[in-house]
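As structure tokens, the structure follows; a few thoughts come after it.
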Amino acid sequence: MGRNLQNNHSDLPYPWLPYAVAMAGILVSIIVWYALPADILTIPTLLPLGICLSILAGVLVRLIQRASERKQSYKLIDETFKKEMTERIEAEETKQKLERALLQGQKLQAIGTLAGGIAHDFNNILYAIIGYAELAREDVDTDSLIHKNLGKVLEGCKRGQDLVARILAFSRRQHHDFKPVCVKETMESVLSLLRPTIPASVNIDFKAMPEDSIIMGNQTQLHQVIVNLINNAVDAMDGEGNVRIHLSHVASSDKIFTQFPNVIKGIYCKIELSDTGHGMDQMTMERMFEPFFTTKEVGKGTGLGLATVHTIIKEHQGEIIVESQLGRGATFTLLLPEYVQMTENSNG
């Protein structure tokens, strides 16, 4: 900052101006001295007085310039201070976001490990129940009440197996056969399947760029992500409102990636899904990706929807950003690296 101030002093416009004023005043004083009548020339103090006034005028100009220098210096110091403070605040905010993301990741990993172990044991218990229930059904008449009740037991076990499968999918990163997936085509396919099941009072507005985005991924998992997010949006709006889905491209150099310093360089597919629901408070946003955490009523949610979304996006080397305020809805932004750009980088 000191070097900048020195440069500011040396770059002051018209540094010769005080000297020019003084010299011009002295020259004028001399010319006037010689032009005066002879009787006035007998006053010896006129010429020195003119010279002194000229010098004082030069000094006054210099003082004005120094005051201008100080004003510019103070302005530069103020701007530099504001800039440094802004950078420090932004750095501190980024640090806090990274720390929260790291803590959230560690928490999810710990919960996932615990849930996976419990799910395995529960799965073994379900196999035993299913086996003995099927054996018991073979020993009774198909028209008996016992046969029907055992059928209900098997149906409950089937739902339990589905829940265990979702827990296991969350708790461990499974190996999937990733292939090039057209995101726009996949989104249109999901919406065509969902629209008949969504209330007519919910309006879905889907906008995408003309060209399609291609990512390396699993189409079934991408289906699951979009279905979970749209269903959550519909529930948050109590079956009435607007859901806006916007598909676009974004470069990794965009400011949206400042909170993700370790992202893959290149072009990303950006999926924004916004709703006009009741929104979320800060406490809910901090826990929304935790498995089994839900704000829905008992029996209306397992708490695995967003946890599964988070896991799938991470498996696709993507990022997810959530913005929400109470009473102002929520916006989920998915960032997935595009396949074409990845190929160009690997060839380079």
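A few points about this structure:
- Each label point was placed 7 Å from the Cα along the Cα-to-Cβ direction; for Arg328 and Leu154 their separation is 5.4 nm.
- Listed pairs Lys158/Lys179; Lys75/Lys265; Lys71/Lys255; Lys184/Lys265; Lys71/Lys97 exceeding 32 Å between Cα atoms: Lys75/Lys265; Lys71/Lys255; Lys71/Lys97
- Looking at segment 193-302, the GluC sites (Glu not before Pro) that sit in a DSSP loop and have at most 15 other Cβ atoms within 10 Å of their own Cβ are Glu211, Glu240, Glu297.
- Estimated at 0.36 nm per residue, the fully extended path between Asp78 and Tyr127 surpasses their Cα-Cα distance by 10.5 nm.
- Nitroxide proxy distance, nm - points 7 Å out along Cα→Cβ at Glu185 and Lys314: 3.1 nm
- Across Met280, Met237, the residue with the most accessible area heads the list, and the full order at a 1.4 Å probe is Met280, Met237.
- Each other residue within a Cβ distance under 13 Å of Asn149 adds +1 if Lys or Arg and -1 if Asp or Glu, for a net charge of 0.
- Proximal charge balance of Cys269 [Cβ under 12 Å; K/R count +1, D/E count -1]: -3
- For segment 179-337, average projected area of the Cα convex hull in nm²: 9.3 nm²
- For Thr284, solvent-accessible area (1.4 Å; no DNA, RNA or ligand), Å²: 20 Å²
- Positive minus negative residues near Arg195 (Lys, Arg vs Asp, Glu; Cβ under 14 Å): -2
- Between Glu69 and Lys265, the simple label model (points 7 Å from Cα in the Cβ direction) yields a spacing of 4.5 nm.
- R0 of 45 Å, Cβ-Cβ distance Gln161-Ile89: FRET efficiency to nearest 0.05: 0.35
- Of Ser201, Ser29, Ser213, the residue with the largest accessible area leads and the full order is Ser201, Ser29, Ser213 (1.4 Å probe).
- In this view, the solvent-accessible surface of Glu138, computed with a 1.4 Å probe and all protein chains in place, comes to about 140 Å².
- 15 Å Cα-Cα reach of Lys148 towards aspartates and glutamates, excluding residues that sit fewer than 8 places from it in its own chain: Glu134, Glu138, Asp139
- In this view, the solvent-accessible surface of Leu150, computed with a 1.4 Å probe and all protein chains in place, comes to about 30 Å².
- Per residue solvent-accessible surface (Å²) - segment 179-337, probe of 1.4 Å: 48 Å²
- Size-normalised alpha-carbon gyration radius of segment 209-299, reference 2.2 N^0.38 Å: 1.28
- Ranking by accessible area, most exposed first, for Met85, Met283 with a 1.4 Å probe: Met283, Met85
The values are calculated or read from the model by the stated rules, or taken from the named source; none is laboratory data. These figures come from a predicted structure and were not determined experimentally. Methodologically, a virtual Cβ is constructed for each residue, glycine included, from the backbone with ideal geometry; neighbour enumeration extends over all protein chains shown. For the accessible areas, the whole protein counts, side chains as well, though only heavy atoms, and no ligand, DNA or RNA atoms are used. Shrake-Rupley method; radii C 1.70, N 1.55, O 1.52, S 1.80 Å.
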